[in-house]
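These notes are about the structure you will find just below.
The values are calculated or read from the model by the stated rules, or taken from the named source; none is laboratory data. This is a predicted model, so every value here is computed, not measured. All Cβ positions, glycine included, derive from the backbone under ideal geometry; neighbour counts span all protein chains shown. Heavy atoms of the whole protein, side chains included, go into the accessibility calculation; ligands, DNA and RNA do not. Shrake-Rupley method; radii C 1.70, N 1.55, O 1.52, S 1.80 Å.
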Amino acid sequence: MTETRMSGRTIWKRNLAPPLRAFLRTESGSAGVLVTAIVAALLWANIDLNSYEALWRTPLSLRLGHLELSRDLHTWINSGLMTLFFLVVGLETRREFDLGDLRDRRRFVLPAVAGVIGMLIPVLVFLAINHGGPGAHGWGVAMSTDTALALGLLALLGRGVPDQIRIFLLTVFVVDDLIALIVIALVYSDDIRMTPIVVAVAAFAVMLALRAAGVRRGAAYAPVAVVMWGALLVSGVDPVVAGLAIGLTAFAYSPGRAELEQVSGLFRSFREQPTPTLARTASIGLANTLSPNDRLQRIYHPWSSYLIVPLFGLANAGISIDGPFLAQAFTSPLTWGVLLAYVVGKPLAVIGTSAGLTWVSGGRIRPAVGWAGVLGSGTIAGVSFTVSLLIAGLAFTGDHLAEVKVGVLSAAIVSSVLTWTAFRVTHMLPKDTRVRALFGDMTELTDLIPDVDEQRDHVRGPADASVTLVQYGDFQCPYCGRAEPAVRQLLGHADLRFVWRHLPLPDVHPHAQLAAEAAEAAAAQGKFWQMHDLLLDHQDKLNLTDLLGYAADLGLDQKRFHDELTSHAHAARIDRDIDSADHSAVSGTPTFFINGRRHHGAYDIATLTAAIRTARARARLGRAGLATGDQARPVDVTARR
């Protein structure tokens, strides 16, 4: 209970945290683990290179009867465990398409093009330096940004960087990874065998058929996924492609209120008759309210971030470094080709593509972030590791491989310094200039349906306030009660409008519906907010007698109040709020929207104040843009979940 009180979140909110924000927090935390693994690999290789290399060459075999699959540890990590890393990347991309900003497909155009150009220009830089040399065939090492490391370092280096920048980066990275995996399959795969490829395609088709048939049990998919991976492994195509393909096909959706109410019914049945059969039914029902995308992420993302990627770093970053070798490396066209491809080519591609498309389209296609965000995205895109070293291991050996690793590590260091500098300078700008530089002036997507209506909604605060805070609440929900002090403190802001919408959850709070109707009955006599405050202050006393007592305390016409309660005269008004919650993908309380955008995270005073401050700054930017006539054409797509 202490943890819940301190965090300001319901158990629901903690266990079902917003996926993108949880994803980025995991990448931020895992960045330190990955950097530690890279440093450990370098120290180990420089203390005893032979033992380092001997460990990763250790064979590991799987045998079933006469069938045997034998690879060394290095291959099991690079082609086996890394499949799960690319699965997570695919899952998060699919989630952004289904639930995030990319549900407006126009917002995918610029980062997708930036992803393609962001691979082409670095490859051209690499080839310009290595043209005609022995390293030219390894041009693939200059293509791909490392998703985990770049997002993690961005979180560490760019304090206060808005999520829009990370979303923009994530989109670019996924295009980057997808093309890189195609290049691995077509260019850096040897001795391609068609029969296993046909088997892999057939296995993938079976997975799609299972999904179309509504099969939700992971046990049904796992054997097919293993067959797909194994077939690609023996085909000569790097099997990490399987992870990305599976992730991109996993649907994402928010749990529906009706499904959650059904699960509550299952748990009530178990409470009444606690049998193993009902326990299993309730457990399966609860799991099935989550989308396949969400379930897979919650299983694999922590393993990917905190074990698989750091283990990959430990197995691949080790090189023996001394003075003569560094002198050799920094005179090698391979090292400089990789270094300049990432440090110069990536920022040039991301910034140039963003500026070019904005100009060509007349502003219709533009970055969803400000130009400081584009600059920081371009510089951090120079951080490469995972895919670069995968390709390097396929294209090079010996000193050439070591020189490429030096280039990759050097590029990551220089790109990190440039990114820190870019955001440090940005945060020294005046407030309004800084907000515009980070956020840009593109209208945010709207999650709230319908918009606030002063004639219909219950509103506190000035109609012309720059920030509107909407809460979906339940008068019996204890977490709404814990959020109320923060909300009341926020109401002291002169530039804030607060709106309450009902979302009673009668399956878990039996008095919630009647309490909501009592608030509406009080509203009919001009006392909604007084009743609202009383109900939240007395959440443990919400039966009919209690409600009639509150009506008397407020000086209401008690007969009218009683008649309206017993006849459920205001139930239709509450149903309208419930319908709006369903359209806005709200299934739990409390849920907040700030200027139409769903607030994800804690609802303590500090967190809500910070979110409102950001929304106010963005609203001020929008008003300034309208005043000067340079506001971007709004792109407003409501949530469909």
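Here are the numbers:
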{"read-out": "Qualifying residues in the stretch 115-141 (those that are at pLDDT 85 or above and within 26 Å of the chain's Cα centre (by Cα)) - the one surrounded by the fewest Cβ atoms within 10 Å (Cβ to Cβ)", "value": "116"}
{"read-out": "The listed residue being within 36 Å of the chain's Cα centre (by Cα), at pLDDT below 90 and of a type outside the set (A, V, I, L, M, F, W, C), out of 502, 458, 493, 532", "value": "493"}
{"read-out": "Which listed residue is closer than 17 Å to residue 217 by Cβ, modelled with pLDDT of 65 or more and over 25 Å from the mean Cα position of the chain (by Cα), from 283, 269, 264", "value": "283"}
{"read-out": "Tabulated pairs, the stretch 369-397, first over 24 Å from residue 76 (Cα atoms), second of a type in the set (Asp, Glu), C-beta under 6 angstrom, 6+ apart or interchain", "value": "383/146"}
{"read-out": "Restricting the stretch 359-368 to residues that are free of Cβ contacts under 8 Å to residues at least 24 places away in the same chain and of a type outside the set (Val, Ile, Thr), the residue that is surrounded by the most Cβ atoms within 10 Å (Cβ to Cβ)", "value": "361"}
{"read-out": "Given (1) within 28 Å of residue 429 (Cβ to Cβ); (2) in a helix (DSSP H, G or I); (3) modelled with pLDDT under 85, index of the condition residue 159 fails", "value": "(2)"}
{"read-out": "Conditions (1) open to solvent by 10 Å² or more (accessible area, probe 1.4 Å); (2) assigned to a helix (DSSP H, G or I); (3) farther than 19 Å from residue 140 by Cα: number failed by residue 331", "value": "(2)"}
{"read-out": "Complete set of residues in the stretch 433-458 that are out of contact with any strand residue (DSSP E or B) (no Cβ under 7 Å at 6 or more places or on another chain), not acidic (Asp, Glu) and not in a helix (DSSP H, G or I)", "value": "440, 442, 443, 445, 450, 455, 456"}
{"read-out": "Residue 382 vs. criteria of a type in the set (Gly, Ala, Ser), assigned to a loop (DSSP other than H, G, I, E, B) and closer than 30 Å to residue 238 by Cβ", "value": "yes"}
{"read-out": "Residue satisfying all of: in the stretch 204-256; of a type in the set (D, E, K, R) and open to solvent by 50 Å² or more (accessible area, probe 1.4 Å); farthest from residue 94 (Cα to Cα) among these", "value": "217"}
{"read-out": "Residue 178 at pLDDT 85 or above, assigned to a helix (DSSP H, G or I), open to solvent by 50 Å² or more (accessible area, probe 1.4 Å) and not polar (S, T, N, Q)", "value": "no"}
{"read-out": "Residues of the stretch 544-576 that turn out to be farther than 29 Å from residue 593 by Cα, open to solvent by 40 Å² or more (accessible area, probe 1.4 Å) and not acidic (Asp, Glu), as a count", "value": "11"}
{"read-out": "When residues of the stretch 202-249 are limited to those that are assigned to a loop (DSSP other than H, G, I, E, B) and over 26 Å from the mean Cα position of the chain (by Cα), the one modelled with the highest pLDDT", "value": "213"}
{"read-out": "The one condition in (1) within 19 Å of residue 509 (Cβ to Cβ); (2) modelled with pLDDT of 90 or more; (3) within 24 Å of the chain's Cα centre (by Cα) that residue 542 fails to fulfil", "value": "(3)"}
{"read-out": "Single condition residue 379 does not satisfy, out of (1) more than 27 Å from residue 82 (Cα to Cα); (2) at pLDDT 90 or above; (3) of a type in the set (Val, Ile, Thr)", "value": "(1)"}
{"read-out": "Verdict on residue 495 being exposed (fewer than 15 other Cβ atoms within 10 Å of the Cβ) and under 30 Å from residue 368 (Cα atoms)", "value": "yes"}
{"read-out": "Residue match in the stretch 145-153 (condition: at pLDDT 75 or above and either under 19 Å from residue 235 (Cβ atoms) or in a loop (DSSP other than H, G, I, E, B) (or both))", "value": "yes"}
{"read-out": "Count - residues of the stretch 72-81 that are in contact (Cβ under 8 Å) with a residue 40 or more places away in the chain and either open to solvent by 60 Å² or more (accessible area, probe 1.4 Å) or touching a Leu at 6+ places or on another chain (Cβ under 7 Å) (or both)", "value": "5"}
{"read-out": "Subset tally (residues that are more than 15 Å from residue 469 (Cα to Cα) and either of a type in the set (D, E, K, R) or assigned to a helix (DSSP H, G or I) (or both)) for the stretch 582-605", "value": "2"}
{"read-out": "Residue within the stretch 578-587 that is at pLDDT 90 or above, of a type outside the set (A, V, I, L, M, F, W, C) and over 19 Å from residue 435 (Cβ atoms) present", "value": "yes"}
{"read-out": "Filter pass, residue 56 being open to solvent by 40 Å² or more (accessible area, probe 1.4 Å) and of a type in the set (Phe, Trp, Tyr)", "value": "no"}
{"read-out": "Odd one out for residue 110, checked against (1) at pLDDT 85 or above; (2) assigned to a helix (DSSP H, G or I)", "value": "(1)"}
{"read-out": "Matching residues, the stretch 506-537, being of a type in the set (Gly, Ala, Ser), part of a loop (DSSP other than H, G, I, E, B) and more than 15 Å from residue 556 (Cα to Cα)", "value": "none"}
{"read-out": "Top-ranked residue in the stretch 307-324 [being modelled with pLDDT under 85 and open to solvent by 20 Å² or more (accessible area, probe 1.4 Å); ranked as nearest to residue 79 (Cα to Cα)]", "value": "320"}
{"read-out": "Looking only at the stretch 577-615, and only at residues there that are open to solvent by 40 Å² or more (accessible area, probe 1.4 Å) and without any contact (Cβ under 8 Å) to a residue 24 or more places away in the chain, the one that is farthest from residue 509 (Cα to Cα)", "value": "613"}
{"read-out": "Number of positions in the stretch 462-478 that are open to solvent by less than 50 Å² (accessible area, probe 1.4 Å), closer than 27 Å to residue 572 by Cβ and either basic (Lys, Arg) or not in a strand (DSSP E or B) (or both)", "value": "4"}
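For (1) under 16 Å from residue 519 (Cα atoms); (2) without any contact (Cβ under 8 Å) to a residue 24 or more places away in the chain; (3) touching a strand residue (DSSP E or B) at 6+ places or on another chain (Cβ under 8 Å), each residue gets a yes or a no:
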| residue | (1), (2), (3) |
| --- | --- |
| 460 | yes, no, yes |
| 465 | no, no, yes |
| 471 | yes, no, yes |
| 476 | yes, no, no |
| 480 | yes, no, yes |
| 485 | no, no, no |
| 492 | no, yes, no |
| 495 | no, no, yes |
| 503 | yes, no, yes |
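One line per residue, one yes/no per condition, for (1) open to solvent by less than 60 Å² (accessible area, probe 1.4 Å); (2) out of contact with any Ser or Thr (no Cβ under 7 Å at 6 or more places or on another chain):
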| residue | (1), (2) |
| --- | --- |
| 341 | yes, yes |
| 347 | yes, no |
| 352 | yes, yes |
| 357 | yes, yes |
| 388 | yes, no |
| 399 | no, yes |
| 407 | yes, no |
| 416 | yes, yes |
| 435 | yes, yes |
